[in-house]
Amino acid sequence: MAIRDIILHPDPVLKKICPPADAADKAVQVLARDMLDTMYNAPGVGLAAPQIGVLSRVFVMDCTPKEEEARPMILINPRITWQSEDINIHNEGCLSLPEMYEDVKRPARCVVQWCDVNGATQEQEFDGLWATCAQHEIDHLNGRLFIDYLSGLKRSMITRKMMKLKKERAHG
Ligand code: NI
């Protein structure tokens with residue numbers, strides 16, 4: 001079990017577009033396991049590779065309610081192939097923006113195609129929290145954060161709060 005440090009906003013790494021990952025590479029499998037450990041430890045429901053400083057198109061998620069058995073998912077080179085016209089508003093958070101929550105509008109359902117750790121292509125439709133999470137994490141792989149959906153004023157307020165938080169943490 002390896003828990004990695006989570007990079008906090010603002011950081012240039014979180015703004016980068018990640019290149020494709022090689023699903024056959026053992027390093028990607030180790031990375032994905034570490035990401036799951038880091039996500040469950042945080043705790044969170046999703047984590048993308050750039051959030052631990054790795055520029056690679058990999059994310060993990062598990063939106064299962066606490067009382068149910070865990071269902072960890074590893075998605076390599078994910079691609080949204082369909083999004084519903086109906087919209088869902090979810091009060092989103094992000095492990096790179098601790099304690100910050102804002103309503104974000106996204107398609108309520110989406111179909112995602114990805115490569116699993118065995119190199120097989122998978123495709124699934126997601127709804128509810130799973131759909132929100134998948135779209136939020138794929139945004140991370142394209143250098144986009146949920147605060148990019150907010151007004152410039154709200155975004156700069158949150159960024160200022162985050163800079164203060166990072167300064168406090170750095171000084172212990
Ligand atoms: Ni996030």
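Some values worked out for this structure:
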| quantity | calculated |
| --- | --- |
| Set Ala2, Ala24: member being open to solvent by 60 Å² or more (accessible area, probe 1.4 Å) and not in a strand (DSSP E or B) | Ala24 |
| Strands (runs of 3 or more DSSP E) enclosed by the range 35-108 - at least 3 residues per element that are within 15 Å of the ligand (Cβ to nearest atom) and aromatic (Phe, Trp, Tyr) | none |
| Scope the range 142-172; condition of a type outside the set (Ser, Thr, Tyr), outside any helix (DSSP H, G or I) and at pLDDT 95 or above; matching residues | Asn142, Gly143, Arg144, Leu145, Leu150 |
| Residues within the range 63-89 that are more than 16 Å from His140 (Cβ to Cβ) and of a type outside the set (Phe, Trp, Tyr), tallied | 17 |
| Filter result (open to solvent by 40 Å² or more (accessible area, probe 1.4 Å) and either assigned to a strand (DSSP E or B) or within 12 Å of the ligand (Cβ to nearest atom) (or both)) within the range 116-141 | Thr121, Gln122, Glu123, Gln124, Glu125 |
| Residues satisfying the stated conditions in the range 142-172, i.e. among the aromatic types (Phe, Trp, Tyr) and open to solvent by 80 Å² or more (accessible area, probe 1.4 Å) | Tyr149 |
| Positions within the range 53-71 being of a type outside the set (Val, Ile, Thr) and under 15 Å from Leu129 (Cβ atoms), in sequence order | Phe59, Met61, Asp62, Cys63, Pro65, Lys66, Glu67, Glu68, Ala70, Arg71 |
| Selection from the range 128-148 of residues that are under 11 Å from the mean Cα position of the chain (by Cα) and among the aromatic types (Phe, Trp, Tyr) | Phe146 |
| Count - residues of the range 79-138 that are modelled with pLDDT under 95 and at positive phi | 2 |
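The values are calculated or read from the model by the stated rules, or taken from the named source; none is laboratory data. Only a predicted model underlies this, so the values are computations on that prediction, with no experimental measurement involved. Cβ atoms come from the backbone with ideal geometry, glycine included; neighbour counts cover every protein chain shown. Calculation scope for accessible area: heavy atoms of the full protein, side chains included, ligands and nucleic acids excluded. Shrake-Rupley method; radii C 1.70, N 1.55, O 1.52, S 1.80 Å.
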